[in-house]
Structures are given as structure tokens and as C-alpha cells.
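The values are calculated or read from the model by the stated rules, or taken from the named source; none is laboratory data. The model shown is predicted, which means the values in this text are computed figures rather than measured ones. When we count neighbours, we look across all protein chains shown, and the Cβ atoms used for this are built from the backbone with ideal geometry, even at glycine.
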Ligand code: TYC
């Protein structure tokens with residue numbers, strides 16, 4: 001007689017969640033020069049001249065524009081850096097963040 005040995009079945013479940021992303025939003029104002037906004041978008045967010053111009057003009061016309069999405073920490077750090085660049089020049093330039101749905 002032969003014994004049948006069955007291996008215990010252990011089902012391993014590894015849950016991998018995608019990181020929750022946050023939007024960086026550029027807010028329009030009446031004082032920051034357009035060229036300076038473009039400069040900051042290129043430097044902090046690595047946008048091309050063309051992308052930076054489009055984002056700046058969208059914020060200028062509509063009030064706000066989503067610049068990019070990042071993990072929470074990166075979005076907040078970039079928004080703070082970009083806002084500080086404006087403040088150093090005395091401009092009210094503002095970048096905010098909000099979680100993406
Ligand atoms: N509205 C500004 C001007 O006319 C330019 C500007 C655009 C400022 C977008 C901020 O987020 C901004 N000089």
C-alpha cells in the first residue's frame with residue numbers, strides 16, 4: 001500500500017497597492033511675470049518651453065492648471081520649492097497640491 005502525501009496548500013496573497021498620487025496645481029495671479037512662471041515650470045518640473053508655456057497660459061486664462069502628478073511627498077516638495085522661487089523675487093506665485101481621485 002502506498003501512502004499519498006499531499007502538500008499543504010498555502011495560498012499566499014501579496015497586496016500591492018499603487019501609490020496615491022497628488023496633483024501639483026499652478027494658481028494664477030495678476031503680478032508674477034509670464035516669463036518667470038515659465039522659467040519656474042521648466043526648472044522645477046522639467047517641462048519643455050512649449051509645455052511650460054501651455055501650462056502657464058492655461059492657468060492665466062482659467063485660473064488654475066494641473067502641472068503634473070507625483071507621490072504626495074514629491075508633489076509637496078516641488079510645490080513648496082516652486083512657490084519659494086517666486087517669493088524670493090517678491091512674487092505671489094502659488095503652487096498647491098491635492099490628492100488625485
Ligand atoms: N497672470 C500673470 C500675468 O498676466 C501671469 C501668470 C500666469 C501668473 C500664470 C501666474 O500661475 C500664473 N503677468
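Things to note:
- Candidate set: segment 63-75, residues that are near the ligand (Cβ under 10 Å from one of its atoms) and free of Cβ contacts under 8 Å to residues at least 40 places away in the same chain; chosen: the one nearest to residue 96 (Cα to Cα): 64
- Verdict on residue 59 being under 14 Å from the mean Cα position of the chain (by Cα), assigned to a helix (DSSP H, G or I) and modelled with pLDDT of 95 or more: no
- Residue list for segment 1-29, filter: assigned to a loop (DSSP other than H, G, I, E, B) and within 21 Å of residue 66 (Cβ to Cβ): 18, 19, 20, 28, 29
- Output for segment 76-101, where each listed residue is outside any helix (DSSP H, G or I), within 15 Å of the ligand (Cβ to nearest atom) and over 12 Å from the mean Cα position of the chain (by Cα): 89, 90, 91, 92, 93, 94
- In segment 43-57, residue farthest from the ligand (Cβ to nearest atom) [restricted to those that are surrounded by fewer than 17 Cβ atoms within 10 Å (Cβ to Cβ) and under 23 Å from residue 98 (Cβ atoms)]: 46
- Search result, residues across segment 30-56 that are over 18 Å from the mean Cα position of the chain (by Cα) and not in a helix (DSSP H, G or I): 30, 31, 32, 33
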